[in-house]
Amino acid sequence: MRVLVYPHELGMGGSQINAIELAAAVRDLGHEVVVFATPGVLLERVAELGLDFIEAPVRRQSVDPGTVRRLIGAVDQRGIDMVHSYEWAPSLDAFFGPALILGTPLVMSVLSMDVPGFLPRSVPLIVGTKCLAEEQSKARPSVHLMEPPVDTDFNKSRGLPPARLHLGIGKGIRVVAVVGRLTTDLGKVQGVLEAISVMDRIAEDLPAVLLVAGDGPGLKGVQSAATAVNVRHGKRVIRVEGLVSDPRMIYDGADVVLGMGSSALRGMSFGKPVVVQGSHGFWSLFTPGNTARFLQDGFYGHGNQEELADILSLLLTDEDLRTSLGAFGRTFVQENFSLEMAARQLLDVYEHASRPRLQAGRIGDYVRTSLEVAKFRASIKRQAFSPTKVTAGSVT
């Protein structure tokens, strides 16, 4: 099978990393795979994995004509049998591009915590949580559950001392790390700002540092908050690393990892205790007692669950607890999120998506999706021209 994988960008992010690593795993099972995307920092990972790459133009809008033309050309010239798009914008490009014009089978993955209602319903959909799968199955005939896999060989500890040496962190200092995009999406940057505030208090009594790896629109706000804390303490309590193309040393050098989704799973793969982050103050220490909850809803949450200060104070002073939770998390990821297992499951989805479908149903879906996308665009334009109220402390 010839497969074209279309992530929404090659910037650092869990969805993009999953797309690339799964593409390589499918390739290793004997199939031809090419990645179609705009260049970004993860292009290095694409090259490292030996994946074929086609550069996509920079998208100017949803269903961008230049991108769609380039995508159709790539599918036609390469004799592609299956297009696998990640997230909503590439899915629309592929639906109105090669799926419509060439009749190429399409599979969509949406690894966000919600699925936009304007996405086509006739296209097989992959989601990352049981809760989303159950919800989407009410409106779509073909929904597949695939928790984001982790390459546990690539993401494993090489030892704390080498990582600390690489990071320039001395002995006796407790390290908390968070790796991810600094955006308001899913409350990511708000959680990082809360973690900075908590570490500000913890550092009064314990030699500790917070490593923040990632970029995005919230980076300046995070840097400003970090500077204020560091000035107050007269030392670097908060280290904002910005974009780190290979964050393995960040994970490996940590005593505790904060994160959601794929980042939380990678922290576990390194044998670190993980505090799951969500929105609106959600924090929860991952333990053997709450695995069912996170397998059902994904490694995310909404609303106050546990106090981050209490969790970190406990973890940073109890080495035995950190060791036991780290070992549990590593085993959990190996048993439940194997990359090869996910690749074989994905091939089953591709086979299912390749089966002939009634064109009448697909045509109706094109009409419905076109109307819904038009409504979405109109809504975005209205928001763009509406006056925005900026409040103190807001992050844009």
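Here, each number is a calculation from the coordinates, and none is a lab measurement. What you are looking at is a predicted structure, and each value in this text was computed from that prediction instead of being measured. Reconstructed Cβ throughout: ideal geometry from the backbone, glycine too, with neighbour counts over all protein chains shown.
Please report the net charge: other residues with Cβ closer than 15 Å to the Cβ of residue 227, K and R +1, D and E -1. Write out the running numbers ahead of the final one.
Details: positive: 220, 232, 235, 236, 239; negative: 200, 241.
My count for the surroundings of residue 227 gives +3.
Could you pull out the pairs from 188/272; 156/235; 171/220; 188/220 whose alpha carbons sit more than 22 Å apart here? Intermediate results must be reported in sequence, preceding the final value.
Details: 188/272 20 Å; 156/235 30 Å; 171/220 30 Å; 188/220 14 Å.
Result: 156/235; 171/220 exceed 22 Å.
Distance between the C-alpha centres of the stretch 220-256 and the stretch 88-123: 37 Å, rounded to the whole angstrom. Sites listed here are GluC sites (Glu not before Pro) in the stretch 187-279 whose DSSP assignment is loop and whose Cβ has at most 16 other Cβ atoms within 10 Å: 204. Taking Lys and Arg as +1 and Asp and Glu as -1, the other residues whose beta-carbon sits under 10 Å from that of residue 281 total -3.
Based on DSSP H runs of at least 4 residues, each adding -39500 (n - 2.57), what is the mean residue ellipticity at 222 nm of the chain after dividing by all its residues, to the nearest 500 deg cm²/dmol?
It comes out at -14000 deg cm²/dmol, rounded to the nearest 500.
Build a GNM of the chain with springs between Cα atoms under 10 Å apart, and of 169, 17, 72 the one that fluctuates most is 169. Helix screen, the chain: DSSP H segments with Cα axial length of 24 Å or more and mean Kyte-Doolittle hydropathy at least -0.5 are 359-385.
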